[in-house]
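> Here it is: the structure, laid out below.
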Amino acid sequence: MNELVTTPGRGGAPALQAAAEQKQYLTFLLGGEIFSIGILCIKEIIWYSGVTEVPMMPACIRGVINLRGAVVPVMDLSVRFGKPATAVTKNTCIVIIEIDGAAEGERQNIGVVVDAVQAVLEIPSSEIEPSPSFGAKIRSDFIEGIGKVNGKFVILLNVNQVLSTEEVAAMGRVPGTTEVALA
């Protein structure tokens, strides 16, 4: 990847500044499109297996998995984006993501089903455009920005919006009930 380079007599400040302006993103395939998530919120990537369906959950929740003794809900991003469910193949993965929880300072793990994990890319902030106000196939509040990588566009997802536990819980409420717990 990129290396931190200092030049003699310059103190290295420009090189340090350039390195700080790049962020790393995990890219993955979903329905034939490339999406990415900031690497700092990703805890791990596992093969798709052991998902237990939970009755009366919203359609975008595939079920739960046991991750070293913790119950972790698994969301199908394709369904969350209003598309057909992700078909499970030999390349299907669950990306475990840590998001902000309902209470301040609380963190929660959620798994997301993706067709295949691609690579970790470093994208300079100068190559990231704001999310478009029209033309996207998913809700604009789900998009953090659009990254330009080797002449192609990569959609950078806003994980706290896409994986909002409050919004998903609201989808699963049955009239006359008060709450559906996701984890």
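> Out of all the residues in the stretch 92-120, which are in contact (Cβ under 8 Å) with a residue 60 or more places away in the chain and part of a loop (DSSP other than H, G, I, E, B)?
G101, A102, D115
> Name every residue in the stretch 50-69 that is of a type in the set (D, E, K, R) and assigned to a loop (DSSP other than H, G, I, E, B), in order of residue number.
Matches in the stretch 50-69: E53, R68.
> Just to be sure before I move on: is V88 of a type in the set (A, V, I, L, M) and in a strand (DSSP E or B) in the structure I sent?
Values: of a type in the set (A, V, I, L, M): yes; in a strand (DSSP E or B): no.
So V88 does not fit the description; no.
> Here's another thing I want to ask about it. Any chance you could count how many residues in the stretch 40-62 are over 13 Å from D76 (Cα atoms) and among the basic types (K, R)?
1
> Suppose we keep only residues that are basic (K, R) and either buried (at least 17 other Cβ atoms within 10 Å of the Cβ) or free of Cβ contacts under 8 Å to residues at least 40 places away in the same chain (or both) within the stretch 77-91. Which one would you say is farthest from E166 (Cα to Cα)?
The selected residue is K90.
> To continue, here is another question. On the given criteria, is V117 surrounded by fewer than 18 Cβ atoms within 10 Å (Cβ to Cβ) and at pLDDT 85 or above?
Judged against the criteria, V117 is a match.
> Of the residues in the stretch 24-76, how many are within 16 Å of L156 (Cβ to Cβ), surrounded by 15 or more Cβ atoms within 10 Å (Cβ to Cβ) and in contact with a helix residue (DSSP H, G or I) (Cβ under 7 Å, 6 or more places away or on another chain)?
5
> Still on this structure, please answer the following. Looking at the stretch 102-111, is at least one residue modelled with pLDDT under 90, closer than 29 Å to N150 by Cβ, out of contact with any Pro (no Cβ under 6 Å at 6 or more places or on another chain) and among the basic types (K, R)?
Within the stretch 102-111 (the criterion being modelled with pLDDT under 90, closer than 29 Å to N150 by Cβ, out of contact with any Pro (no Cβ under 6 Å at 6 or more places or on another chain) and among the basic types (K, R)), the answer is no, since none of the residues qualifies.
> Given the conditions (1) more than 22 Å from V51 (Cβ to Cβ); (2) modelled with pLDDT under 85, and given that I155 satisfies all but one, which numbered condition is not satisfied?
I155 satisfies every listed condition except (2).
The values are calculated or read from the model by the stated rules, or taken from the named source; none is laboratory data. Small disclaimer: the values here were computed from a predicted structure and weren't measured. Quick reminder, even Gly has a Cβ in these numbers, built from the backbone with ideal geometry, and neighbours come from all protein chains shown.
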